[in-house]
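Working notes, beginning with the structure itself.
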Amino acid sequence: AQDCQVDNIQVMQNFNRTKYAGTWYAVAKKDPVGLFLLDNIVAQFNIAEDGQMTATAEGRVIILQQWELCAHMFATFEDTYDPAKFKMKYWGAAANLQTGYDDHWVISTDYDNYAVHYACREKGYDGTCIDSYSFVFSRHPTGLRPEDQYIVTQKKQEICLLGKYRRVQHNVLCDSV
Ligand code: DAO
């Protein structure tokens with residue numbers, strides 16, 4: 001059973017950022033308060049020569065309550081004591097896009113097919129998360145392979161978000177990052 005304490009969440013052991021680099025398609029998402037990225041979400045992680053991780057991401061958003069566009073986002077990652085836990089600073093290519101400073105935790109990945117990401121924006125007094133978001137990423141735009149579904153479901157449960165995800169669509173709307 002899970003106690004749902006953010007501090008007790010298990011992340012990827014021996015996380016290898018080099019193997020994590022490259023393109024990931026968001027195939028499911030648990031939204032935070034103030035939902036931003038809607039669908040067609042593709043992230044591209046890059047590792048610089050000095051080991052620093054950065055990312056570009058694209059996704060459909062609605063800004064100013066009615067304008068739909070494909071947001072082009074940038075992120076830089078700060079390392080922490082845990083190799084699978086980063087602090088992510090992000091901003092948009094255009095004004096009016098969201099900026100922020102979030103956790104970016106890699107909960108589980110096999111590097112070649114699936115990854116489960118988690119970010120808690122606000123912890124409650126009891127130590128559980130009161131505003132989280134999470135992406136299920138796939139290397140394949142068509143979704144997860146059937147053989148990866150069990151572990152992903154397991155991980156959703158471990159981070160106390162089972163049943164809180166929606167499917168993320170991919171269509172021609174936003175081009176690749
Ligand atoms: O979509 O509601 C939301 C929260 C996500 C905001 C951060 C998006 C920009 C950076 C993405 C990098 C890869 C996860």
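Charge tally for TYR101 (other residues, Cβ to Cβ under 11 Å; Lys, Arg +1; Asp, Glu -1): 0.
Across LEU161, LEU38, LEU69, mean-square fluctuation computed from a Gaussian network of the chain (C-alpha pairs under 10 Å connected) peaks at LEU69. Between ASP79 and ASN171, the FRET efficiency estimated from the beta carbon spacing at R0 = 25 angstrom works out to 0.10. Taking the helices alone, the chain has a mean residue ellipticity at 222 nm of -2500 deg cm²/dmol, built from -39,500 (n - 2.57) per DSSP H run of at least 4 residues and averaged over all its residues. Scalar couplings 3J(HN,Hα) for segment 21-28, obtained by applying the Karplus form with A = 6.51, B = -1.76, C = 1.60 to θ = phi - 60°, are 4, x, 8, 10, 9, 6, 10, 8 Hz; x denotes Gly and Pro. Looking at the square roots a ≥ b ≥ c of the eigenvalues of the Cα gyration tensor of segment 40-130, which shape do they give, rounded for a/c under 1.5, prolate if a/b is larger than b/c, or oblate? Oblate, because a/c is 1.5 or more while a/b does not exceed b/c. Close amide H partners of TYR114, meaning residues 5 or more places away or on another chain with modelled amide H under 5 Å apart, are ARG139. Residues whose amide H lies under 5 Å from that of MET12, counting only those 5 or more places away or on a different chain, are VAL106, ILE107, SER108; hydrogens are built 1.01 Å from N in the peptide plane.
Using the Cβ-Cβ distance between VAL33 and HIS72 with R0 set to 22 Å, the FRET efficiency works out to roughly 0.40. Using C-alpha pairs below 8 Å separated by at least 6 residues, the relative contact order for the chain is 28 percent.
The numbers here are math on the coordinates, done by the rules we state, and not lab data. Only a predicted model underlies this, so the values are computations on that prediction, with no experimental measurement involved. Here Cβ is always computed from backbone atoms with ideal geometry, including for glycine, and neighbour counts include all displayed protein chains.
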